[in-house]
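K.L.:
Mind having a look at this structure? Questions to follow.
The values are calculated or read from the model by the stated rules, or taken from the named source; none is laboratory data. Just so it is clear, the structure is predicted and the values come from calculations on it, not from any experiment. As a convention, Cβ positions derive from the backbone with ideal geometry for all residues, glycine included, and neighbour counts pool all protein chains shown.
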Amino acid sequence: MKKALVHDWYYVNGGAEKVIRSINSMWDDFEHYALTDFLTNSDRDYILNGANVHTSFIQKLPTAKSNHRKFLQLFPYGIEQFDLSEFELVISSSSSIAKGVLTHQDQLHICYCHSPMRYAWDLYHDYLKSANLNKGLKGIYAKYVLNKIRAWDIISSNRVDHFVANSNYIAERIHKVYRRESEVIYPPVDVSFFEFQKEKDEFYFTASRMVPYKNTKQIVQAFNEIPNKKLVVAGDGPELEKIKKIAKPNIEFVGFISNDELKSYLKNAKAFVFAALEDFGIVPVEAQACGTPVICLGKGGTKETVINEKTGVHFKNPVSNEIKEAILYFESLSFDPELIRENVLKFSKNNFEKKFKSYVERKYQDFT
């Protein structure tokens, strides 16, 4: 069986790339495809075992490395240029464009969907506002491009034989946008690396890229109003300096941290605070693997991974006053670290690989 593995693009080692790493470890003979590949050698070794990636013409465009999304209107042409006709099995890992590869009737195409294209659908208005593209000629052009992308996105969803969703939340979104059913297989989390620790310190911890939708600013504002509670903030990004300026002395910024440093903070924190609406959300699961409770938005993926009042506390909206109330409510409860860790063992890397491999082999057997 000749196999191709198609990813949107490679430029960071994030959650979607952890899925790629696991899929790549199940079968070691994939041919890899993506719009662009700007991984460092160490990240390529980690994610792809050093394998080469076939890329599109977008790889060679000026500034593609620093901002590939500016070529959004070219993405469909880029992904459709790949000739995959020799492969019997095509697996796409898609939060944007990868599911749109062209296949024929004698090929099985399974898409592991992290999300339908966010900036074309549920984050459409947020995307336009954050990019200052909601008015003027540039705004008109941006809306035109996104309208064309939405039409292409619907059409290309019919090229997928079977969808696999990374959470029930995404399965519902796939049905809403594409009117397709999907199997839910949670993504792999290295729960063995994030070791259990029963004793906790007195600080709270949050970690994310400093971009608006992560709502780190709202977390900091909540702790500004609780000056006797310490918050440690990890991560960098375009919002970092703005957030630093509003923070009070009880808030410490540690910048970008390594995986070992992340594990140390998660093991020792009194709780992990998370305010983003995520499709799944890996770090809240990693925190629980350490036996650390999570204070989080009770929507999206974290609604499925964090059990309210048992492994953490939910709040309804990512605004500072609700986050503050959740922290104070959390202080009135007691949590069992062993139960917290037990809750997330089902999200292990081994469990993902076992379920996904079985699913693909079953569908391939039915197909042939």
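K.L.:
Taking Asp201 as meeting all but one of (1) within 30 Å of Glu88 (Cβ to Cβ); (2) at pLDDT 95 or above, write down the number of the exception.
P.N.:
(1)
K.L.:
Related question: Of all residues in the stretch 183-194 being in a strand (DSSP E or B) and touching a Phe, Trp or Tyr at 6+ places or on another chain (Cβ under 7 Å), which is nearest to Val273 (Cα to Cα)?
P.N.:
Residue satisfying both the conditions and the ranking: Val189.
K.L.:
Can Val220 be described as of a type in the set (A, V, I, L, M), touching a residue at least 60 places away in the same chain (Cβ under 8 Å) and crowded, with 16+ Cβ neighbours inside 10 Å? Please lay out each step first, then the result.
P.N.:
Values: of a type in the set (A, V, I, L, M): yes; touching a residue at least 60 places away in the same chain (Cβ under 8 Å): no; crowded, with 16+ Cβ neighbours inside 10 Å: yes.
No: the conditions fail for Val220.
K.L.:
Looking only at the stretch 5-48, how many residues end up being out of contact with any Pro (no Cβ under 6 Å at 6 or more places or on another chain), among the small types (Gly, Ala, Ser), within 17 Å of Cys113 (Cβ to Cβ) and part of a helix (DSSP H, G or I)?
P.N.:
2
K.L.:
Next up: Does the stretch 154-161 contain at least one residue that is surrounded by 13 or more Cβ atoms within 10 Å (Cβ to Cβ), farther than 28 Å from Leu266 by Cβ and touching a strand residue (DSSP E or B) at 6+ places or on another chain (Cβ under 6 Å)?
P.N.:
For the stretch 154-161, residues surrounded by 13 or more Cβ atoms within 10 Å (Cβ to Cβ), farther than 28 Å from Leu266 by Cβ and touching a strand residue (DSSP E or B) at 6+ places or on another chain (Cβ under 6 Å): present.
Here's the yes/no breakdown for (1) farther than 17 Å from Val12 by Cα; (2) outside the structural domain of Ala16 (by TED's automatic domain parsing); (3) surrounded by fewer than 18 Cβ atoms within 10 Å (Cβ to Cβ):
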site: Asp37; (1), (2), (3): no, no, no
site: Phe57; (1), (2), (3): yes, no, yes
site: Phe71; (1), (2), (3): yes, no, no
site: Val90; (1), (2), (3): yes, no, no
site: Cys113; (1), (2), (3): yes, no, no
site: Trp121; (1), (2), (3): yes, no, yes
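K.L.:
Show the residue pairs meeting these rules: Cβ distance below 7 Å; 6+ apart or different chains; first residue within the stretch 120-141 and more than 23 Å from Arg173 (Cα to Cα) and of a type in the set (Gly, Ala, Ser); second residue surrounded by 16 or more Cβ atoms within 10 Å (Cβ to Cβ) and at pLDDT 70 or above.
P.N.:
Gly139/Leu133
K.L.:
Then there is this: Please report, ordered by residue number, the strands (runs of 3 or more DSSP E) entirely within the stretch 195-298 with at least 3 residues that are aromatic (Phe, Trp, Tyr) and in contact with a strand residue (DSSP E or B) (Cβ under 6 Å, 6 or more places away or on another chain).
P.N.:
203-207
K.L.:
Same structure again: What are the residues in the stretch 68-98 that are in contact with a His (Cβ under 8 Å, 6 or more places away or on another chain) and either among the charged types (D, E, K, R) or closer than 22 Å to Glu278 by Cβ (or both), if any?
P.N.:
Selection gives Ser92, Ser93, Ser94, Ser95, Ala98.
K.L.:
Are any residues in the stretch 73-88 loosely packed, with under 14 Cβ neighbours inside 10 Å and either in contact (Cβ under 8 Å) with a residue 40 or more places away in the chain or not assigned by TED's automatic domain parsing to the domain that holds Gln107 (or both), and if so, which ones?
P.N.:
Glu86, the sole residue that qualifies.
K.L.:
If Asp260 meets every condition in (1) within 12 Å of Ser208 (Cβ to Cβ); (2) without any contact (Cβ under 8 Å) to a residue 40 or more places away in the chain apart from one, which number is that one?
P.N.:
With respect to (1) within 12 Å of Ser208 (Cβ to Cβ); (2) without any contact (Cβ under 8 Å) to a residue 40 or more places away in the chain, Asp260 is out only on (1).
K.L.:
Identify, from the list Arg180, Arg173, the residue that is out of contact with any helix residue (DSSP H, G or I) (no Cβ under 7 Å at 6 or more places or on another chain), assigned by TED's automatic domain parsing to the domain that holds Ile97 and either surrounded by fewer than 16 Cβ atoms within 10 Å (Cβ to Cβ) or not in a strand (DSSP E or B) (or both).
P.N.:
Values: Arg180 fails: out of contact with any helix residue (DSSP H, G or I) (no Cβ under 7 Å at 6 or more places or on another chain).
Criteria check complete, one pass: Arg173.
K.L.:
While we're looking at this one, here's another question. Considering only the stretch 223-251, how many residues are in contact (Cβ under 8 Å) with a residue 40 or more places away in the chain and loosely packed, with under 15 Cβ neighbours inside 10 Å?
P.N.:
Count: 1.
K.L.:
I'd like the residue in the stretch 226-249 that is touching a Lys or Arg at 6+ places or on another chain (Cβ under 8 Å) and among the β-branched types (Val, Ile, Thr) and, out of all such residues, is nearest to Glu322 (Cα to Cα).
P.N.:
Ile226
K.L.:
Quick one: which residue in Val360, Val313 is in a helix (DSSP H, G or I) and of a type in the set (Val, Ile, Thr)? Quick ask: steps written out before the conclusion?
P.N.:
Details: Val313 fails: in a helix (DSSP H, G or I).
From the options Val360, Val313, the qualifying one is Val360.
K.L.:
Let me ask something else about it. Is it the case that some residue within the stretch 49-57 is out of contact with any Gly (no Cβ under 8 Å at 6 or more places or on another chain) and either in a helix (DSSP H, G or I) or farther than 30 Å from Glu361 by Cβ (or both)?
P.N.:
We begin by selecting, within the stretch 49-57, every residue out of contact with any Gly (no Cβ under 8 Å at 6 or more places or on another chain); these are 49-55.
If we keep only those that are either in a helix (DSSP H, G or I) or farther than 30 Å from Glu361 by Cβ (or both) too, we end up with none.
Within the stretch 49-57, not a single residue is out of contact with any Gly (no Cβ under 8 Å at 6 or more places or on another chain) and either in a helix (DSSP H, G or I) or farther than 30 Å from Glu361 by Cβ (or both).
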